[in-house]
1. Which whole-number percent of Cα pairs in the stretch 343-422 have a distance greater than 21 Å?
2. Binning at 5 angstrom from zero up to the longest distance, how are the C-alpha pair distances of the stretch 137-200 distributed in percent?
3. Please work out how much length the chain gains when fully extended from residue 421 to residue 1, using 0.36 nm per residue of separation minus the C-alpha to C-alpha distance, in nm with one decimal.
4. Say each of residue 86 and residue 138 gets a label point 7 Å from the Cα, pointing the same way as Cα to Cβ; how far apart are those two points in nm?
5. When the expected Rg is taken as 2.2 N^0.38 Å, what fraction or multiple of it is the alpha-carbon Rg of the stretch 243-297?
6. Where does helix 350-360 land angle-wise versus the long Cα axis of the chain, in degrees 0 to 90, nearest 10?
7. Label residue 60 and residue 377 with points 7 Å out from Cα along Cα→Cβ: what is the distance between them in nm?
8. May I ask for the angle, rounded to the nearest 10°, between helix 125-139 and the longest principal axis of the chain, with both axes built from Cα atoms and the value confined to 0 to 90°?
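Nothing in this text is a laboratory measurement; each read-out follows from the coordinates by a stated rule. The structure presented is a predicted model; accordingly, all values stated were derived computationally and were not measured. Because the Cβ atoms are built from the backbone with ideal geometry, glycine has one as well, and the counts that use them run over all protein chains shown.
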Ligand code: UDX
């Protein structure tokens, strides 16, 4: 099937490459000439495992363009542009609306595609997209019975390809049965798992077939916010109990396992630590609170999850302070800058906020991340931190290290060597990924999250 995707961010690019791999004829549109040129030359513009190899493998079944004109004849047009958060928590729909306007400006009269909204958008946005397209068609005197659908995306950065090819479910909101049928055809290879698994992107163990969940438009839009709010609440819940575990002498990892094995709860998203960040949880929890505000309906659980998450970040600083007594004048090394491993994304990243708090408190802050340092330099040119090119360099002369992003390489460090170069052997493990026993044996003061 001919499919056009507007937007080449995490969702657009991963979806585009996956659908091309599954045999569709895909056109990926982005206004940014630099991104399109790079993609045409086989260079993937985001740090995401497996995408580069997939781009090489699919070759000519995907086209890249800066002009929607080149993809307007597709049967399915997916909008996968960014939906940033405004200052008041509302969602900025300017990119979605611009895409809808452009579709309405050039859609030919005799061509009736399904316009699918993949971006995370507030309730009612699919209808708004429909009316913007209709308005622009009307201006041209064109009649066209195109369709709209809401197809929220649940992929996680770092494992975006796995999540796209092996989802738990595909959610589809629409008003007409025919739309469900057309879009089922788009996802058929995934729904039936009938494709050859790409090298290095295998299905998770015990993976079955994904469900195809068909709903009305508002339900599909709300499902995305409900899913992300639930996960954010789940992580904040375990972080809240981590604080209590420290006080009563329990270990939160044991508690997480003990509750997670109850199938009604599940073991996922129960890793206590420095809290959640990224492009979705912070933005979507704020956005759903704003929706509640518009309807004069409070969402105290979501609100509490946000507050617990803020406290969790500050909690890392409190742990450093209780170990060092005074923050001012001490050198603190932050391990990790990305909001989670496997990505160079710094959006609402806990280490960045922690670095800012420490700087404000008068610490000398040094940072290291295996992939996100250039992004950090570009996005935070005024942040007065020192960049180290290895963990060893980071640690040299430090009074404490704070591990905030659980990059795999941090699990196999030479702590003898690191310890010998530090001024003070203190480690705050903000992701509970190091061995307390090993570090204490090597003379470190080790402080985890919710551990005893
Ligand atoms: C999330 C959702 O998982 C995904 O379904 C949605 O489409 C987009 O938002 P993502 O932000 O990529 O995906 O990452 P995720 O792996 O869910 O982690 C989000 C944050 O929570 C990270 O900062 C991570 O470090 C933190 N986290 C996650 C925890 O602190 N503990 C956990 O147990 C899991």
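1. Cα-Cα pairs in the stretch 343-422 separated by more than 21 Å: 25 percent.
2. The calculated distribution, bin by bin, is 4, 14, 20, 18, 15, 11, 7, 6, 4, 1, 0.
3. So the chain would gain 145.3 nm between residue 421 and residue 1.
4. The modelled label-to-label distance comes out at 2.3 nm.
5. Against the compact-globule rule of thumb, the ratio is 1.55.
6. 50 degrees
7. 4.0 nm
8. Result, in degrees: 40.
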